């Protein structure tokens, strides 16, 4: 097993994590209106040389795999596109920055908007530095990296550690450019922010597509 940090997707099975990658929990901090505002980060709960994380959604020991996938008919077929983020993203424009969006990898975490506005509306008003700063903050809290921005044609990413975060009733948030190796051998771009399905319902495995909400996934 590799000593370098990596995540291997096993065919119809779990994620095999190797290289002593820290595992922790993260949960959204919400407003009185239920709007996600920021992330609350929990302590590291595992930093073992290797461990297996549930991908089917049925483990009784979440987030770890307990072998349930072998008996519950889990189909882990990977359907995520193999194009790069740069190939898929669309520009929303902006003044003083350029905002990009890739709807295909959105997990509907909700940090991109509130009762007053959202990133799409703000894109046209970023000549105002306060609007620009708010847009940047919202984009940097997007766990999947569906939203990103560039300043002076240089892509800017938040400074995130190489770790795996178990989000509350949601996906695994992989940060810090940890390589993810698909079971089907297809290429997968290493990015600073990636969200991996752990409810077993995503139509774009191994990536999360937000299906956990409709499925009522908990864990």
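The values are calculated or read from the model by the stated rules, or taken from the named source; none is laboratory data. The structure displayed is predicted, hence computed values, not measured ones. Positions of Cβ are generated from backbone atoms using ideal geometry, with glycine treated the same way; all protein chains shown enter the neighbour counts.
Would you say residue 49 is closer than 18 Å to residue 218 by Cβ and exposed (fewer than 15 other Cβ atoms within 10 Å of the Cβ)? It is false that residue 49 is closer than 18 Å to residue 218 by Cβ and exposed (fewer than 15 other Cβ atoms within 10 Å of the Cβ).
Part of a loop (DSSP other than H, G, I, E, B), assigned by TED's automatic domain parsing to the domain that holds residue 103 and either without any contact (Cβ under 8 Å) to a residue 24 or more places away in the chain or touching a helix residue (DSSP H, G or I) at 6+ places or on another chain (Cβ under 9 Å) (or both): is that true of residue 185 in this structure? No, not satisfied. Scanning segment 167-182 for residues that are in contact (Cβ under 8 Å) with a residue 60 or more places away in the chain and under 10 Å from the mean Cα position of the chain (by Cα) yields 167, 170, 171, 172, 173, 174. When 145, 110, 124 are checked against the criterion of being surrounded by fewer than 19 Cβ atoms within 10 Å (Cβ to Cβ) and outside any helix (DSSP H, G or I), a single residue qualifies: 110. Of all residues in segment 148-166, those satisfying the criterion of being over 16 Å from the mean Cα position of the chain (by Cα) and surrounded by fewer than 19 Cβ atoms within 10 Å (Cβ to Cβ) are 150, 151, 152, 153, 154, 155, 156. Among the residues of segment 148-157, those identified as touching a strand residue (DSSP E or B) at 6+ places or on another chain (Cβ under 8 Å) and in a loop (DSSP other than H, G, I, E, B) are 153, 157.
Checking each residue of segment 122-135 against the condition of being under 25 Å from residue 214 (Cα atoms) and within 21 Å of the chain's Cα centre (by Cα) gives no match. Screening segment 1-72 for strands (runs of 3 or more DSSP E) wholly inside it with 2 or more residues that are in contact with a strand residue (DSSP E or B) (Cβ under 7 Å, 6 or more places away or on another chain), under 24 Å from residue 204 (Cβ atoms) and touching a residue at least 60 places away in the same chain (Cβ under 8 Å) returns the ranges 6-9, 15-18, 23-30, 36-46.
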